[in-house]
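To keep things clear, I will list the structure first and then write my remarks on it.
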Amino acid sequence: MIYAFGRMHWNLILVPVVFLLTVFGPGFLCVRRLDWSIEEKIAASLTLSLLFLGLACFGVFASGLPRAAHGVILAACAVLTLSLSTGILRLLASPQVRRLLTGFGLLALWVLALLALIRNYSGGAWYGDWLEHYQRSLFFLGGHSAAETFQGYALPARPPLVNTIAAHFLALAGEEYRVYQLTVSLLGLLVYFPACLIAGHLPGLVAVFLMLNPMFVQNATYSWTKLPAVFFVLSGVAFYVAGLRHGDFRRILLAFTCLAAGVLAHYSSGPYALFLALHYLLFVLPRAQRRWRELAAILLAGAVVLGPWLAWSVTTYGPLASLASPSSV
(Lines give C-alpha, C1' and ligand atoms only; values in the text may rest on other atoms or scores of the structure.)
Protein backbone atom coordinates (compact mmCIF):
# COMPACT_ATOMS: atom_id res chain seq x y z
CA MET A 1 0.00 0.00 0.00
CA ILE A 2 0.96 3.64 -0.19
CA TYR A 3 2.04 3.70 3.47
CA ALA A 4 5.22 2.10 2.15
CA PHE A 5 6.20 5.68 1.25
CA GLY A 6 7.25 5.95 4.88
CA ARG A 7 10.30 3.88 3.94
CA MET A 8 12.62 4.73 1.07
CA HIS A 9 11.72 2.92 -2.12
CA TRP A 10 13.90 4.24 -4.88
CA ASN A 11 11.89 2.64 -7.66
CA LEU A 12 9.04 5.04 -6.90
CA ILE A 13 11.26 7.88 -8.12
CA LEU A 14 11.16 6.26 -11.56
CA VAL A 15 7.39 6.69 -11.79
CA PRO A 16 7.31 10.52 -12.12
CA VAL A 17 10.44 10.39 -14.31
CA VAL A 18 8.79 7.97 -16.75
CA PHE A 19 5.59 10.00 -16.48
CA LEU A 20 7.30 13.23 -17.56
CA LEU A 21 9.14 11.55 -20.42
CA THR A 22 6.10 9.80 -21.90
CA VAL A 23 2.85 11.71 -21.38
CA PHE A 24 3.55 14.92 -23.29
CA GLY A 25 6.33 14.85 -25.89
CA PRO A 26 4.91 12.41 -28.48
CA GLY A 27 1.60 14.28 -28.66
CA PHE A 28 3.24 17.71 -28.65
CA LEU A 29 5.12 16.69 -31.80
CA CYS A 30 1.74 16.49 -33.59
CA VAL A 31 0.15 19.74 -32.37
CA ARG A 32 3.02 22.13 -31.69
CA ARG A 33 2.55 24.07 -34.95
CA LEU A 34 -1.24 24.39 -34.77
CA ASP A 35 -2.76 27.80 -34.13
CA TRP A 36 -4.60 26.58 -31.04
CA SER A 37 -4.68 27.99 -27.53
CA ILE A 38 -2.06 26.90 -25.03
CA GLU A 39 -4.64 24.93 -23.02
CA GLU A 40 -5.75 23.14 -26.18
CA LYS A 41 -2.19 22.23 -27.13
CA ILE A 42 -1.50 20.85 -23.66
CA ALA A 43 -4.70 18.79 -23.53
CA ALA A 44 -4.13 17.52 -27.09
CA SER A 45 -0.49 16.63 -26.35
CA LEU A 46 -1.50 14.66 -23.27
CA THR A 47 -4.31 12.89 -25.11
CA LEU A 48 -2.23 11.80 -28.08
CA SER A 49 0.76 10.83 -25.92
CA LEU A 50 -1.34 8.62 -23.64
CA LEU A 51 -3.03 7.06 -26.63
CA PHE A 52 0.29 6.35 -28.33
CA LEU A 53 1.68 4.88 -25.12
CA GLY A 54 -1.34 2.69 -24.49
CA LEU A 55 -1.55 1.35 -28.03
CA ALA A 56 2.20 0.72 -28.20
CA CYS A 57 2.15 -1.19 -24.91
CA PHE A 58 -0.86 -3.21 -26.01
CA GLY A 59 1.06 -4.03 -29.18
CA VAL A 60 3.96 -5.31 -27.08
CA PHE A 61 1.58 -7.53 -25.14
CA ALA A 62 -0.43 -8.82 -28.11
CA SER A 63 2.65 -9.62 -30.17
CA GLY A 64 4.38 -11.40 -27.28
CA LEU A 65 7.46 -9.18 -27.33
CA PRO A 66 9.79 -9.38 -24.30
CA ARG A 67 9.44 -6.92 -21.46
CA ALA A 68 12.54 -5.12 -22.68
CA ALA A 69 10.34 -3.64 -25.43
CA HIS A 70 8.94 -1.26 -22.80
CA GLY A 71 12.43 0.19 -22.50
CA VAL A 72 12.42 0.80 -26.25
CA ILE A 73 9.08 2.62 -25.97
CA LEU A 74 10.43 4.76 -23.13
CA ALA A 75 13.56 5.56 -25.12
CA ALA A 76 11.47 6.59 -28.16
CA CYS A 77 9.27 8.84 -26.02
CA ALA A 78 12.32 10.34 -24.29
CA VAL A 79 14.03 11.08 -27.61
CA LEU A 80 10.89 12.77 -28.93
CA THR A 81 10.48 14.79 -25.74
CA LEU A 82 14.11 15.91 -25.63
CA SER A 83 14.14 16.73 -29.34
CA LEU A 84 11.24 19.10 -28.71
CA SER A 85 12.88 20.68 -25.66
CA THR A 86 13.18 24.10 -27.33
CA GLY A 87 9.46 24.24 -28.08
CA ILE A 88 8.56 22.87 -24.65
CA LEU A 89 10.77 25.43 -22.89
CA ARG A 90 9.21 28.19 -24.95
CA LEU A 91 5.81 26.92 -23.84
CA LEU A 92 6.91 26.84 -20.20
CA ALA A 93 8.12 30.43 -20.44
CA SER A 94 4.52 31.59 -20.83
CA PRO A 95 3.05 33.06 -17.61
CA GLN A 96 -0.21 31.36 -18.52
CA VAL A 97 1.47 27.95 -18.54
CA ARG A 98 3.28 28.67 -15.27
CA ARG A 99 -0.05 29.47 -13.61
CA LEU A 100 -1.51 26.31 -15.09
CA LEU A 101 1.35 24.14 -13.82
CA THR A 102 1.32 25.82 -10.40
CA GLY A 103 -2.31 24.80 -9.98
CA PHE A 104 -1.51 21.28 -11.13
CA GLY A 105 1.42 21.06 -8.70
CA LEU A 106 -0.73 22.11 -5.75
CA LEU A 107 -3.42 19.63 -6.74
CA ALA A 108 -0.87 16.84 -7.12
CA LEU A 109 0.68 17.52 -3.71
CA TRP A 110 -2.77 17.54 -2.12
CA VAL A 111 -3.87 14.26 -3.70
CA LEU A 112 -0.58 12.46 -3.03
CA ALA A 113 -0.67 13.61 0.59
CA LEU A 114 -4.16 12.17 0.93
CA LEU A 115 -3.02 9.03 -0.86
CA ALA A 116 -0.28 8.61 1.75
CA LEU A 117 -2.96 8.35 4.45
CA ILE A 118 -4.59 5.27 2.94
CA ARG A 119 -3.64 2.04 4.70
CA ASN A 120 -6.28 -0.18 3.12
CA TYR A 121 -9.19 0.11 0.72
CA SER A 122 -12.76 -0.70 1.73
CA GLY A 123 -15.63 1.12 -0.01
CA GLY A 124 -18.29 -1.55 0.53
CA ALA A 125 -18.87 -3.50 -2.68
CA TRP A 126 -15.98 -1.57 -4.28
CA TYR A 127 -13.39 -3.27 -2.12
CA GLY A 128 -12.10 -5.49 -4.93
CA ASP A 129 -11.87 -2.98 -7.76
CA TRP A 130 -8.41 -1.69 -6.85
CA LEU A 131 -7.10 -5.26 -6.76
CA GLU A 132 -8.83 -6.19 -10.02
CA HIS A 133 -7.19 -3.41 -12.00
CA TYR A 134 -3.80 -4.07 -10.46
CA GLN A 135 -4.12 -7.70 -11.50
CA ARG A 136 -5.21 -6.65 -14.98
CA SER A 137 -2.14 -4.44 -15.30
CA LEU A 138 0.08 -7.34 -14.29
CA PHE A 139 -1.67 -9.47 -16.90
CA PHE A 140 -0.61 -7.09 -19.66
CA LEU A 141 3.01 -7.65 -18.72
CA GLY A 142 2.60 -11.03 -20.40
CA GLY A 143 3.07 -14.63 -19.33
CA HIS A 144 -0.49 -15.15 -18.05
CA SER A 145 -3.23 -17.48 -19.23
CA ALA A 146 -6.08 -15.98 -21.25
CA ALA A 147 -8.47 -17.96 -19.03
CA GLU A 148 -7.41 -15.96 -15.97
CA THR A 149 -10.18 -14.00 -14.25
CA PHE A 150 -9.98 -10.86 -12.15
CA GLN A 151 -12.21 -10.77 -9.08
CA GLY A 152 -14.58 -13.01 -11.00
CA TYR A 153 -14.52 -11.01 -14.25
CA ALA A 154 -12.99 -12.18 -17.52
CA LEU A 155 -10.49 -9.92 -19.26
CA PRO A 156 -12.96 -8.54 -21.88
CA ALA A 157 -15.23 -7.25 -19.09
CA ARG A 158 -13.05 -4.13 -18.86
CA PRO A 159 -11.26 -2.14 -21.59
CA PRO A 160 -7.45 -2.17 -21.47
CA LEU A 161 -6.05 1.31 -22.11
CA VAL A 162 -5.26 2.40 -18.54
CA ASN A 163 -4.08 -1.08 -17.58
CA THR A 164 -1.66 -1.30 -20.51
CA ILE A 165 -0.23 2.12 -19.62
CA ALA A 166 0.12 1.02 -15.99
CA ALA A 167 1.83 -2.16 -17.20
CA HIS A 168 4.45 0.03 -18.88
CA PHE A 169 5.29 1.66 -15.54
CA LEU A 170 5.28 -1.71 -13.77
CA ALA A 171 7.68 -3.10 -16.36
CA LEU A 172 10.10 -0.22 -15.82
CA ALA A 173 9.78 0.58 -12.10
CA GLY A 174 8.83 -2.79 -10.61
CA GLU A 175 5.67 -4.82 -10.13
CA GLU A 176 4.93 -3.69 -6.57
CA TYR A 177 1.46 -2.39 -5.88
CA ARG A 178 2.82 0.98 -4.74
CA VAL A 179 4.19 1.56 -8.27
CA TYR A 180 0.78 0.85 -9.76
CA GLN A 181 -0.96 3.00 -7.15
CA LEU A 182 1.20 6.06 -7.78
CA THR A 183 0.93 5.60 -11.55
CA VAL A 184 -2.86 5.53 -11.61
CA SER A 185 -3.12 8.55 -9.31
CA LEU A 186 -0.83 10.57 -11.58
CA LEU A 187 -2.88 9.57 -14.62
CA GLY A 188 -6.08 10.58 -12.83
CA LEU A 189 -4.68 14.00 -11.96
CA LEU A 190 -4.45 14.86 -15.66
CA VAL A 191 -8.20 15.54 -15.64
CA TYR A 192 -7.20 18.97 -14.31
CA PHE A 193 -6.04 20.09 -17.77
CA PRO A 194 -9.26 19.57 -19.77
CA ALA A 195 -11.14 20.99 -16.78
CA CYS A 196 -9.04 24.16 -17.15
CA LEU A 197 -9.67 24.09 -20.89
CA ILE A 198 -13.41 24.16 -20.26
CA ALA A 199 -13.26 26.66 -17.39
CA GLY A 200 -11.10 29.18 -19.23
CA HIS A 201 -8.29 31.17 -17.57
CA LEU A 202 -9.10 30.05 -14.02
CA PRO A 203 -6.52 27.34 -13.19
CA GLY A 204 -6.30 28.28 -9.52
CA LEU A 205 -10.06 28.06 -9.08
CA VAL A 206 -10.15 24.70 -10.88
CA ALA A 207 -7.37 23.35 -8.64
CA VAL A 208 -9.13 24.44 -5.44
CA PHE A 209 -12.46 23.13 -6.68
CA LEU A 210 -10.96 19.70 -7.38
CA MET A 211 -9.02 19.64 -4.10
CA LEU A 212 -12.26 20.17 -2.17
CA ASN A 213 -14.44 17.94 -4.35
CA PRO A 214 -15.05 14.61 -2.55
CA MET A 215 -15.94 12.76 -5.76
CA PHE A 216 -12.70 13.83 -7.44
CA VAL A 217 -10.55 13.05 -4.40
CA GLN A 218 -12.13 9.62 -3.98
CA ASN A 219 -11.50 8.72 -7.61
CA ALA A 220 -7.98 10.22 -7.60
CA THR A 221 -6.90 8.11 -4.61
CA TYR A 222 -8.75 4.92 -5.57
CA SER A 223 -6.59 2.98 -8.00
CA TRP A 224 -8.96 2.32 -10.85
CA THR A 225 -9.58 3.63 -14.35
CA LYS A 226 -12.46 6.09 -14.09
CA LEU A 227 -10.59 9.40 -13.82
CA PRO A 228 -8.41 8.73 -16.89
CA ALA A 229 -11.67 8.03 -18.75
CA VAL A 230 -13.01 11.37 -17.47
CA PHE A 231 -9.87 13.04 -18.81
CA PHE A 232 -10.60 11.74 -22.31
CA VAL A 233 -14.33 12.55 -22.14
CA LEU A 234 -13.79 16.13 -20.94
CA SER A 235 -11.10 16.63 -23.59
CA GLY A 236 -13.45 15.25 -26.24
CA VAL A 237 -16.31 17.53 -25.24
CA ALA A 238 -14.03 20.57 -25.11
CA PHE A 239 -12.51 19.92 -28.54
CA TYR A 240 -15.91 19.14 -30.07
CA VAL A 241 -17.41 22.43 -28.88
CA ALA A 242 -14.29 24.34 -29.96
CA GLY A 243 -14.38 22.63 -33.34
CA LEU A 244 -17.98 23.71 -33.89
CA ARG A 245 -17.23 27.25 -32.69
CA HIS A 246 -14.20 27.68 -34.98
CA GLY A 247 -15.44 25.56 -37.87
CA ASP A 248 -12.31 23.43 -37.47
CA PHE A 249 -12.61 19.77 -38.43
CA ARG A 250 -9.20 18.99 -36.90
CA ARG A 251 -10.62 19.74 -33.46
CA ILE A 252 -13.72 17.64 -34.18
CA LEU A 253 -11.57 14.75 -35.35
CA LEU A 254 -9.48 14.99 -32.19
CA ALA A 255 -12.69 15.10 -30.15
CA PHE A 256 -13.85 11.76 -31.49
CA THR A 257 -10.34 10.36 -31.04
CA CYS A 258 -10.55 11.42 -27.38
CA LEU A 259 -13.95 9.79 -26.98
CA ALA A 260 -12.75 6.55 -28.56
CA ALA A 261 -9.82 6.61 -26.12
CA GLY A 262 -12.31 7.21 -23.30
CA VAL A 263 -14.24 4.09 -24.29
CA LEU A 264 -10.95 2.19 -24.33
CA ALA A 265 -10.27 3.46 -20.80
CA HIS A 266 -13.69 2.79 -19.25
CA TYR A 267 -16.90 1.70 -20.92
CA SER A 268 -18.90 4.34 -19.03
CA SER A 269 -17.53 6.78 -21.62
CA GLY A 270 -19.81 5.14 -24.20
CA PRO A 271 -22.93 7.29 -23.64
CA TYR A 272 -20.91 10.50 -24.07
CA ALA A 273 -19.40 9.21 -27.30
CA LEU A 274 -22.84 8.13 -28.52
CA PHE A 275 -24.43 11.50 -27.71
CA LEU A 276 -21.80 13.51 -29.57
CA ALA A 277 -21.82 11.04 -32.47
CA LEU A 278 -25.58 11.47 -32.86
CA HIS A 279 -25.24 15.25 -32.65
CA TYR A 280 -22.55 15.18 -35.32
CA LEU A 281 -24.55 12.92 -37.65
CA LEU A 282 -27.80 14.86 -37.27
CA PHE A 283 -26.66 18.48 -37.09
CA VAL A 284 -23.06 18.83 -38.29
CA LEU A 285 -22.41 16.28 -41.03
CA PRO A 286 -25.33 17.34 -43.29
CA ARG A 287 -23.84 20.86 -43.52
CA ALA A 288 -20.22 19.74 -44.01
CA GLN A 289 -18.65 20.47 -47.39
CA ARG A 290 -16.61 17.25 -47.42
CA ARG A 291 -19.02 15.15 -45.44
CA TRP A 292 -17.93 11.71 -46.59
CA ARG A 293 -14.24 12.48 -46.24
CA GLU A 294 -14.79 13.82 -42.73
CA LEU A 295 -16.96 10.85 -41.74
CA ALA A 296 -14.34 8.46 -43.10
CA ALA A 297 -11.62 10.21 -41.11
CA ILE A 298 -13.64 9.93 -37.89
CA LEU A 299 -14.39 6.25 -38.50
CA LEU A 300 -10.73 5.59 -39.29
CA ALA A 301 -9.63 7.29 -36.06
CA GLY A 302 -12.09 5.18 -34.08
CA ALA A 303 -10.89 2.03 -35.81
CA VAL A 304 -7.24 2.83 -35.06
CA VAL A 305 -8.04 3.35 -31.37
CA LEU A 306 -10.55 0.56 -30.75
CA GLY A 307 -9.68 -1.90 -33.52
CA PRO A 308 -6.59 -3.60 -32.02
CA TRP A 309 -8.31 -4.37 -28.72
CA LEU A 310 -11.56 -5.57 -30.32
CA ALA A 311 -9.72 -7.69 -32.89
CA TRP A 312 -7.51 -9.32 -30.25
CA SER A 313 -10.39 -9.87 -27.83
CA VAL A 314 -12.69 -11.40 -30.44
CA THR A 315 -9.89 -13.60 -31.74
CA THR A 316 -8.93 -14.76 -28.24
CA TYR A 317 -12.29 -15.01 -26.48
CA GLY A 318 -14.84 -15.07 -29.29
CA PRO A 319 -17.40 -12.41 -30.25
CA LEU A 320 -20.00 -13.33 -27.62
CA ALA A 321 -17.62 -13.18 -24.64
CA SER A 322 -15.94 -10.04 -25.96
CA LEU A 323 -19.11 -8.05 -26.56
CA ALA A 324 -21.41 -9.38 -23.82
CA SER A 325 -19.08 -9.72 -20.82
CA PRO A 326 -18.69 -5.99 -19.96
CA SER A 327 -20.99 -5.12 -17.08
CA SER A 328 -21.83 -1.86 -18.89
CA VAL A 329 -23.76 -3.89 -21.46
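Counting protein heavy atoms only, the chain has 69 percent of its accessible area on carbon and sulfur, 1.4 angstrom probe. Based on the Stokes-Einstein relation at 10 °C and a viscosity of 1.306 mPa s, and on the Kirkwood radius from alpha carbon pairs, the stretch 1-117 is assigned a translational diffusion coefficient of 99 µm²/s. Taken per residue, the accessible surface of the stretch 1-101 reaches 48 Å², heavy atoms only and a 1.4 Å probe.
Site pair W126 and R287 shows an inter-label distance of 4.1 nm when each label is modelled 7 Å from Cα along Cα→Cβ.
A Förster distance of 25 Å, applied to the separation of the beta-carbon atoms of R33 and A78, puts the FRET efficiency at 0.70.
For the stretch 200-329, what class follows from the C-alpha gyration tensor (a ≥ b ≥ c being the square roots of its eigenvalues): rounded when a/c is under 1.5, otherwise prolate if a/b is larger than b/c, else oblate?
oblate
Taking amide H positions as modeled 1.01 Å from N, with prolines and chain starts lacking one, no residue 5 or more places away or on another chain lies under 5 Å from I118. Computed about its Cα centre, the charge dipole of the stretch 111-185 is approximately 120 debye, with only Lys, Arg, Asp and Glu carrying charge at their Cβ. Between the stretch 128-159 and the stretch 173-216, the C-alpha centres lie 24 angstrom from each other. For the stretch 222-284, the relative contact order is 34 percent, taking Cα pairs closer than 8 Å that sit 6 or more residues apart in sequence and dividing their mean separation by the residue count. When the charge dipole of the chain is built from unit charges on Cβ atoms (+1 for Lys and Arg, -1 for Asp and Glu) and taken about the Cα centre, the candidate among T22, V111, S223 whose Cα reaches farthest toward its positive end is T22. If you take all other residues with their beta carbon under 14 Å from the beta carbon of Y240, and give Lys and Arg +1 and Asp and Glu -1, the sum is 0. With the simple spin-label model, which puts each label point 7 Å out from Cα in the Cβ direction, the V17 to S85 separation comes to 1.6 nm. Ordered by solvent-accessible area of protein heavy atoms (1.4 Å probe), largest first, the residues F249, F140 come out as F249, F140. Round to a whole angstrom and tell me the spacing of the C-alpha centers of the stretch 16-82 and the stretch 295-328. Using only Cα atoms, the two centres lie 22 Å from each other. Seen from E40, the other residues with C-beta closer than 15 Å to its C-beta sum to a net charge of +3, counting Lys and Arg as +1 and Asp and Glu as -1.
Between S94 and H279, the FRET efficiency from the beta-carbon distance, with R0 = 30 Å, is close to 0.35.
Neighbours of Y267 by Cβ distance under 12 Å: Lys/Arg scored +1, Asp/Glu scored -1, total +2. Per residue, the Cα convex hull of the stretch 237-292 amounts to 71 Å³. Within the stretch 105-240, the proportion of Cα pairs with more than 18 Å between them is 57 percent. Taking the stretch 246-269 and a reference point 7 angstrom along Cα→Cβ of Y153, the backbone N atoms nearer than 15 Å belong to 263-269.
Per residue, the stretch 232-283 exposes an accessible area of 42 Å² to a 1.4 Å probe, with every protein chain left in place. In sequence order, the stretch 138-145 has phi-based couplings of 4, 4, 6, 7, x, x, 10, 7 Hz under the Karplus curve 6.51 cos²θ - 1.76 cosθ + 1.60, θ = phi - 60°, and Gly or Pro positions carry x. Between E175 and V241, the contour length at 0.36 nm per residue exceeds the alpha carbon distance by 19.7 nm.
The values are calculated or read from the model by the stated rules, or taken from the named source; none is laboratory data. Since the model is a prediction, treat every value here as computed from it, not as a measurement. Note that each Cβ is placed from the backbone with ideal geometry, even for glycine, and that neighbours are counted across all protein chains shown. Note: areas computed on protein heavy atoms with side chains; ligands, DNA, RNA excluded. Shrake-Rupley method; radii C 1.70, N 1.55, O 1.52, S 1.80 Å.
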